[in-house]
Structures are given as structure tokens and as C-alpha cells.
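The values are calculated or read from the model by the stated rules, or taken from the named source; none is laboratory data. If you're wondering where the values come from, they're calculated on a predicted model, not measured in any experiment. Heads up, the Cβs are rebuilt from the backbone with ideal geometry, glycines too, and the neighbour counts pull from every protein chain shown.
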């Protein structure tokens with residue numbers, strides 16, 4: 001799937017700009033309230049592109065030996081952190097592209113990084129540990145070893161840090177590192193997302209299921225039937241809808257009126273290869289999905305999880321990640337060939353049934369040609 005032909009955007013996705021980094025575009029995010037897009041690649045480079053034009057603001061190739069694994073934008077937008085295979089965490093100034101702090105973590109790859117919502121703490125995971133640092137790079141605390149490699153981290157408000165690994169999701173005090181609540185499941189949890197109020201914890205599992213808990217009751221439920229690992233998960237801002245990957249279709253579970261137990265999820269079908277990433281637009285019932293087929297699709301959803309595609313485009317290779325600009329008026333896609341594509345978000349009327357059929361025919365034609 002590395003030679004797909006990029007297509008013109010349809011529906012709400014309008015032409016914006018495109019750029020490229022040195023290798024597989026691994027991670028990124030919008031800084032400076034959307035004025036710049038930061039991207040890290042598999043060669044260890046960090047790049048900043050002008051949010052409107054796509055012009056390169058600055059480029060710092062090869063700063064992480066072995067490659068970048070995570071990019072975390074500070075809530076203030078003027079700084080960000082990067083982490084990689086070199087066991088380092090770097091804290092940057094977004095405008096100048098200068099490193100203000102270097103943190104030598106040691107002990108292996110630093111796979112996850114996340115700022116607390118108030119910007120006071122930076123959390124990272126390295127092998128079986130999580131560590132929390134202050135904004136000046138001083139270590140505040142580190143955890144004991146988890147049962148396995150920490151696969152995901154997320155902040156539950158400003159007071160707690162959540163982690164997911166084999167056998168459990170766990171919560172630590174933000175400033176103390178004290179281990180609090182543990183939610184146990186006999187399996188490897190490969191992804192995690194929290195609802196906006198922090199009460200619902202959803203995890204994708206190695207056994208092709210999605211498992212979730214309500215923290216207030218510690219009651220758990222399991223969603224099965226996925227053809228693959230649900231590594232892509234996303235909650236909308238209200239905590240009403242949980243979008244999940246794990247195959248070609250996007251499955252959306254609704255927590256509206258006591259769901260999702262006893263309800264039928266919405267099933268969103270457009271992609272012809274497995275979904276790789278999911279992202280809700282800020283403050284809206286719009287979901288963006290990206291897939292191995294190179295497609296980026298925007299969906300308009302209802303409270304019951306059903307929805308329709310209202311925008312679609314294809315990039316030249318599998319979509320690595322999607323990022324909504326903070327104002328929701330642009331969408332950025334990173335891809336496996338190092339491509340960076342940004343679309344403006346416009347308005348559209350009606351559904352995209354014709355576009356859906358046309359896109360699927362084009363992809364299937366390309367797939368047939370590549371396999372011959």
C-alpha cells in the first residue's frame with residue numbers, strides 16, 4: 001500500500017497544502033494555537049510548518065538517534081516535547097525550534113509523552129516505568145515497574161495520570177506518584193482513552209476486544225467481534241461517543257442515556273483497509289478516521305453513534321495520524337512516506353454516497369493493480 005495515488009479531496013475537505021519530512025511521519029501536533037504544525041519522523045528529525053501556507057518554518061533533522069516516537073504539545077502552545085528511541089526527552093520552543101531542556105531518561109525507548117492539562121507536568125513512559133517531570137525538566141517522581149511495558153498513558157484531569165499495560169489500567173497521583181485505583185483485566189491492554197470527566201476508561205486489548213470501566217463503580221464491560229487489535233480509540237469532548245478501530249469499519253459506541261450496554265453501535269463503512277487512527281474535532285460531533293488504504297474520512301455523527309461521511313481524501317501511503325487544528329477548521333494527516341497534508345474544512349450539503357462508491361472503486365482498482 002505504499003504507492004497509492006493521491007486524490008482530490010471531496011466534501012468538507014478542501015485543498016490546503018502538502019509538505020514532506022525525511023522519513024515516516026511518526027507523530028506531531030498543532031502549536032501556537034494552530035499557527036504551526038510540528039512533525040517528528042522516523043529518522044529522528046523535527047520540523048515546523050507554517051499552518052496556513054505549509055512553508056518550512058524550521059527543520060532539525062536527526063536530533064533523536066533511531067527515530068522519534070512521541071510528540072506532545074504543551075497546552076500553552078508555545079512549547080512542546082519530543083521523545084524517541086535514544087532514551088531522551090527534549091523540551092522545545094515552538095517558535096524558534098530550539099531545545100530548552102534535555103532529559104536523559106535511560107533504560108530504553110521513550111514511547112509515550114503527555115503534558116498535564118494545566119501544563120505543569122510532563123509524563124513519559126519508558127519500558128515498564130512512567131516518570132513525571134516539571135516544566136524545567138526536573139524529575140518529580142517515577143513509578144515502580146509495571147507488570148509489563150507501559151503501552152499507553154493519559155491524564156485524568158490535572159490530578160491523576162493513567163497508565164495501561166498487561167493486566168491493568170492504573171492511576172497515579174500527579175504530584176506524588178502514589179498508586180491509587182487499579183482496574184484489572186487478564187490480558188494485554190494495547191491502547192487507552194479516557195472520557196472528558198475521567199470516569200470512563202476504555203482500552204483496546206491484544207485479544208481483539210475493547211474493555212471499559214466506569215471508575216465510580218469499577219464495573220467493567222467488554223466489546224468483542226473486532227477482526228484485529230483495536231489500537232485506535234477516541235472519545236468526543238462530551239464523553240458521549242467512543243470511536244474504535246480494529247478493522248476496516250469504525251465502530252462507535254454511545255454512552256448516551258446509560259449506554260452502551262444493551263445498545264447497537266454505529267458502524268461506519270468507507271475504508272477498504274484497516275483503520276489506523278481516529279480523532280474527534282474539538283467541540284463537535286465530527287470524527288476523522290485514517291486507514292492503511294491512505295484514506296482520511298470525516299464523519300458527521302449522531303448521539304447514538306450512527307453517522308455519514310461528509311468529507312474524504314486519499315494520500316500517497318497509509319495514514320499514520322490525524323490532527324485537528326484547535327479551531328476545528330483544518331485537518332492534518334501524516335503518512336508512512338513522510339508526507340504531511342493539511343486540508344481546510346468547508347461546508348457541504350447532504351451525504352457522500354456517490355463519493356463513497358467512487359473512492360472504493362478507485363482503491364480496489366489500485367489494490368488489484370498492485371497485487372498483479
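Summary of values
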{"read-out": "Count of region 269-293 residues which are under 16 Å from the mean Cα position of the chain (by Cα), within 22 Å of residue 15 (Cα to Cα) and not in a strand (DSSP E or B)", "value": "3"}
{"read-out": "Counted residues, region 295-316 - those being part of a loop (DSSP other than H, G, I, E, B) and farther than 28 Å from residue 32 by Cβ", "value": "5"}
{"read-out": "Unique residue being surrounded by fewer than 23 Cβ atoms within 10 Å (Cβ to Cβ), out of contact with any strand residue (DSSP E or B) (no Cβ under 9 Å at 6 or more places or on another chain) and touching a residue at least 24 places away in the same chain (Cβ under 8 Å) when the list is 283, 307, 239", "value": "283"}
{"read-out": "Lone qualifier among 53, 18, 93 - being under 21 Å from residue 134 (Cα atoms), touching a strand residue (DSSP E or B) at 6+ places or on another chain (Cβ under 7 Å) and modelled with pLDDT of 95 or more", "value": "93"}
{"read-out": "Residues (surrounded by fewer than 18 Cβ atoms within 10 Å (Cβ to Cβ), part of a strand (DSSP E or B) and touching a residue at least 24 places away in the same chain (Cβ under 8 Å)) located in region 101-138", "value": "101, 102"}
{"read-out": "Top-ranked residue in region 43-61 [being in a loop (DSSP other than H, G, I, E, B) and in contact (Cβ under 8 Å) with a residue 40 or more places away in the chain; ranked as nearest to residue 111 (Cα to Cα)]", "value": "44"}
{"read-out": "Residue within region 16-25 that is part of a strand (DSSP E or B), within 19 Å of the chain's Cα centre (by Cα) and touching a residue at least 40 places away in the same chain (Cβ under 8 Å) present", "value": "yes"}
{"read-out": "Test: residue 149 is in a loop (DSSP other than H, G, I, E, B), over 18 Å from the mean Cα position of the chain (by Cα) and either closer than 24 Å to residue 261 by Cα or at pLDDT below 95 (or both)", "value": "no"}
{"read-out": "Verdict on residue 190 being in contact (Cβ under 8 Å) with a residue 12 or more places away in the chain and in a strand (DSSP E or B)", "value": "yes"}
{"read-out": "The one condition in (1) within 18 Å of residue 176 (Cβ to Cβ); (2) not in a strand (DSSP E or B) that residue 95 fails to fulfil", "value": "(1)"}
{"read-out": "Among (1) in contact with a strand residue (DSSP E or B) (Cβ under 6 Å, 6 or more places away or on another chain); (2) closer than 22 Å to residue 209 by Cα; (3) surrounded by fewer than 24 Cβ atoms within 10 Å (Cβ to Cβ) - the single one residue 325 does not satisfy", "value": "(2)"}
{"read-out": "Filter result (touching a strand residue (DSSP E or B) at 6+ places or on another chain (Cβ under 7 Å), over 21 Å from residue 155 (Cα atoms) and not in a strand (DSSP E or B)) within region 62-88", "value": "63, 64, 66, 67, 85, 87"}
